[in-house]
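Undergrad: Have a look at this one.
The values are calculated or read from the model by the stated rules, or taken from the named source; none is laboratory data. A quick note: this is a predicted structure, and the numbers were derived from the prediction, not measured. Don't worry about glycine lacking a Cβ; one is built from the backbone with ideal geometry, like all the others, and counts go over all protein chains shown. SASA here: full protein model, heavy atoms, side chains in, ligands and nucleic acids out. Shrake-Rupley method; radii C 1.70, N 1.55, O 1.52, S 1.80 Å.
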Amino acid sequence: NTLQEVATIPPENIQEPPLKILGPALEASKYYIEEEELRSMFAKILASSFDNRKNSIIHPSFVEIIKQLDITDARILQSLKEQDYATDSPIPCMKAVINSDGGSKTIFPIIYFIDGTEGIEELSPSLTNLERLGLLKIKSDAYSANDSKYDFIRNNHYVRHILQNYPEISVEKMCFSITPLGENFLKVCL
């Protein structure tokens, strides 16, 4: 896998890889053999370490970041890479709240779906982890100006079920975005 990646680098861009990336990536990768998505990230970071065009965006922390990802985190990152969001542009997500005279109480702090088959809370711990790792920034007080971008959440069968059966619950727009570190991670590791 790594060899296939390296084979795509033009010969004039091949360099001796920095040991601070190569060593830890090789060491860590042997523990992720059975997890295809994460194994693929290690292959890409290893290949990138041989490519002098990636020197300005590859970072030693990427190995540690991959070690702290699970399959769900990897699925979100793959989806974000495919959608090709610009750094800091708002990516729609929502939260569910109960509003009453005493104020509002958040019951689902982050609702986000990749393909809509996920449970209503399934991706929220992963988004929190990706924020902790510095790849994403969750913004509960900001949202995308394009309201229709939230329809994939509003129209989700789980969300519709909750809103129909619990009239005291409403969903509110918010967003998250990819950080500059996250953008480089996507370029190097996915």
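Undergrad: For the modelled label position 7 Å from the Cα of Thr128 along Cα-to-Cβ, which residues of segment 51-75 have backbone nitrogen atoms closer than 20 Å?
TA: Zone members listed by number: 65-75.
Undergrad: Restricting to DSSP loop positions (anything but H, G, I, E, B) with no more than 10 other Cβ atoms inside 10 Å of their own Cβ, which GluC sites (Glu not before Pro) remain in segment 5-81?
TA: Details: sites: Glu5, Glu12, Glu27, Glu34, Glu35, Glu36, Glu37, Glu64; in loops: Glu34, Glu35.
Qualifying residues, ordered by number: Glu34.
Undergrad: Then there is this: Rounded to two decimals, what is Rg over Rh for the chain when you use alpha-carbon atoms and the Kirkwood radius? Let's see the in-between values first.
TA: Working: Rg = 19.3 Å, Rh = 18.1 Å.
So for the chain, dividing Rg by the Kirkwood Rh gives 1.06.
Undergrad: Express the relative contact order of segment 1-151 as a whole percentage, based on alpha carbon pairs under 8 Å and six or more residues apart in sequence. Intermediate results must be reported in sequence, preceding the final value.
TA: Details: 143 pairs, mean separation 27.1, N = 151.
It comes to 18 percent, rounded to a whole number.
Undergrad: With every protein chain left in place, what is the accessible area per residue of the chain in square angstrom, probe 1.4 Å? Spell out each step's value before the answer.
TA: On the way: 9900 Å² over 190 residues.
Per residue, the chain has 52 Å² of solvent-accessible surface.
Undergrad: Sticking with this one: Please report the carbon-and-sulfur percent of the accessible area for the chain; probe 1.4 Å, protein heavy atoms only, DNA, RNA and ligands left out. Please report the intermediate quantities before stating the final value.
TA: Details: 5160 of 9900 Å².
Here carbon and sulfur together make up 52 percent of the probe-accessible area.
Undergrad: Take each of the peptides 114-121, 44-51, average the number of other beta-carbon atoms within 10 Å over its residues, and list them starting from the highest. The partial results should precede the final answer.
TA: Details: 114-121: 13.6, 44-51: 22.5.
So the peptides 114-121, 44-51, ranked by packing, come out 44-51, 114-121.
Undergrad: Structure shown: which of Lys54/Lys95; Lys30/Lys149; Lys44/Lys137; Lys54/Lys173 lie over 29 Å apart, alpha-carbon to alpha-carbon? Please report the intermediate quantities before stating the final value.
TA: Working: Lys54/Lys95 37 Å; Lys30/Lys149 40 Å; Lys44/Lys137 24 Å; Lys54/Lys173 36 Å.
In this structure, Lys54/Lys95; Lys30/Lys149; Lys54/Lys173 exceed 29 Å between Cα atoms.
Undergrad: Moving on to the next point. Would you mind calculating the gained length between Leu26 and Glu121 on full extension (0.36 nm times residue separation, minus the Cα-Cα distance), in nm to one decimal?
TA: Working: separation 95, 0.36 × 95 = 34.20 nm, distance 3.40 nm.
That pair, Leu26 and Glu121, stretches by 30.8 nm at full extension.
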